[in-house]
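The values are calculated or read from the model by the stated rules, or taken from the named source; none is laboratory data. What you are looking at is a predicted structure, and each value in this text was computed from that prediction instead of being measured. Positions of Cβ are generated from backbone atoms using ideal geometry, with glycine treated the same way; all protein chains shown enter the neighbour counts.
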Amino acid sequence: MRRGDAFHLGLMLGALALAYALPFELLLLAYAVLGPAHYFTEISWLHDRKYFLPHRGFALPLIVVGGIAFYYADDYALGLVTWCLLLGAAILATAHTPRQALTASVVGVAVTLACVIAGLPFFAAGVLLPTFIHVCVFTLAFMSLGALRSGSRIQFALVGIYLASIALILIVPPTNHTVVPALARIGQTYFGGVAPALGTLFGIPDLSFGGRITGLLSFVYTYHYLNWFIKADVIRWTAVPRPRLIAVALLSAASTALYFYNYAIGIAVLLAVSFGHVLLEFPLNGLAFRDLGAALFGRSLRRSTA
């Protein structure tokens, strides 16, 4: 095992251990301490890569439309708009020709209309896309793609350990006990909607914000942030002009300080930044799933024709 892979494994297992020891506290602390640094560094990194769009300017309507929906739309409309933005961003990032973009758009509109007519719970998408899906499903996609590209057994093992950790939390959930009850109350206020949204998605009524869901969220959020930071040498998110790096560091520190001063104020100020970085990552998510599908189906096709 390479030193980097061992460090990667250690961070994953450390996040898992803390999710069991301090599920409620870890979620809130990771969100306040690691979250802001992640938002600002990733936005900076995406900006230098034109947000993986044909033109950097395409990111503006993504943010404007998403921001308007975030502040003014009801839960169902927000979910529908967020889904449409993900679909549109993925098409812009992956289509090579206008014909491909038109074809994908027609298919996307047809699928979305069919989902609306079928009465699918788009309100759950508004909750889960910026939270659980972003930090868990998209992270898993990037990990799997990296393992497939490298062919590394260690990276495949890390994917397996990540999935096993999630399964362990769901089967043997952490305790509902809290060391700092105030943090549990704050968590219920700002993350409580994730539990019923997951319950709706998986057909589990009355899913509550207890040790199981909190432990799951604390693990996937903490690992999502740590996974980003340890990839600095791989994706080079630190390779930016020094003044910008200093500005990012100062913004991150000030944001964390704001959380510790008053968590409610910190959430109010940083929630828009958090949602914005999720929107700006949508093109990259589309590329990742396209490449993941190509790697999986291409490998299956080669095996079937061998």
- Task: Specify the residue that is modelled with the lowest pLDDT; the eligible residues are those in segment 207-224 that are crowded, with 20+ Cβ neighbours inside 10 Å and hydroxyl-bearing (Ser, Thr, Tyr).
- Result: 214
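Of these, 140, 158, 163, 168, which one is assigned to a helix (DSSP H, G or I), within 23 Å of residue 19 (Cα to Cα) and touching a His at 6+ places or on another chain (Cβ under 7 Å)?
Values: 140 fails: touching a His at 6+ places or on another chain (Cβ under 7 Å); 163 fails: touching a His at 6+ places or on another chain (Cβ under 7 Å); 168 fails: touching a His at 6+ places or on another chain (Cβ under 7 Å).
Within the list 140, 158, 163, 168, the selection yields 158.
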- Item | Test for residue 289: is it aromatic (Phe, Trp, Tyr), in contact with a Pro (Cβ under 7 Å, 6 or more places away or on another chain) and touching a residue at least 40 places away in the same chain (Cβ under 8 Å) | no
- residue 219 vs. criteria farther than 30 Å from residue 296 by Cβ and under 16 Å from the mean Cα position of the chain (by Cα): no
- Message: Would you confirm, using the coordinates I've provided, whether residue 211 is under 30 Å from residue 105 (Cα atoms), in contact (Cβ under 8 Å) with a residue 40 or more places away in the chain and touching a Ser or Thr at 6+ places or on another chain (Cβ under 6 Å)?
- Response: no
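Quick one: would you say residue 51 is among the aromatic types (Phe, Trp, Tyr), buried (at least 19 other Cβ atoms within 10 Å of the Cβ), touching a residue at least 12 places away in the same chain (Cβ under 8 Å) and in a helix (DSSP H, G or I)?
Numbers: among the aromatic types (Phe, Trp, Tyr): yes; buried (at least 19 other Cβ atoms within 10 Å of the Cβ): yes; touching a residue at least 12 places away in the same chain (Cβ under 8 Å): yes; in a helix (DSSP H, G or I): yes.
Answer is yes for this residue.
Take the conditions surrounded by fewer than 19 Cβ atoms within 10 Å (Cβ to Cβ) and within 17 Å of the chain's Cα centre (by Cα) and apply them to residue 63. Does it pass?
Working: surrounded by fewer than 19 Cβ atoms within 10 Å (Cβ to Cβ): yes; within 17 Å of the chain's Cα centre (by Cα): yes.
The answer is yes for residue 63.
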- Message: So in segment 194-230, with the set limited to residues that are in a loop (DSSP other than H, G, I, E, B) and touching a Gly at 6+ places or on another chain (Cβ under 9 Å), which one is farthest from residue 124 (Cα to Cα)?
- Response: 230
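So that you can scan it fast, the table gives a plain yes or no per residue for (1) touching a residue at least 60 places away in the same chain (Cβ under 8 Å); (2) among the β-branched types (Val, Ile, Thr):
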residue: 97; (1), (2): no, yes
residue: 101; (1), (2): no, no
residue: 105; (1), (2): no, no
residue: 137; (1), (2): no, yes
residue: 142; (1), (2): yes, no
residue: 149; (1), (2): yes, no
residue: 166; (1), (2): no, yes
- Single residue of 279, 287 found to be closer than 21 Å to residue 35 by Cβ and either of a type in the set (Lys, Arg) or surrounded by 15 or more Cβ atoms within 10 Å (Cβ to Cβ) (or both): 279
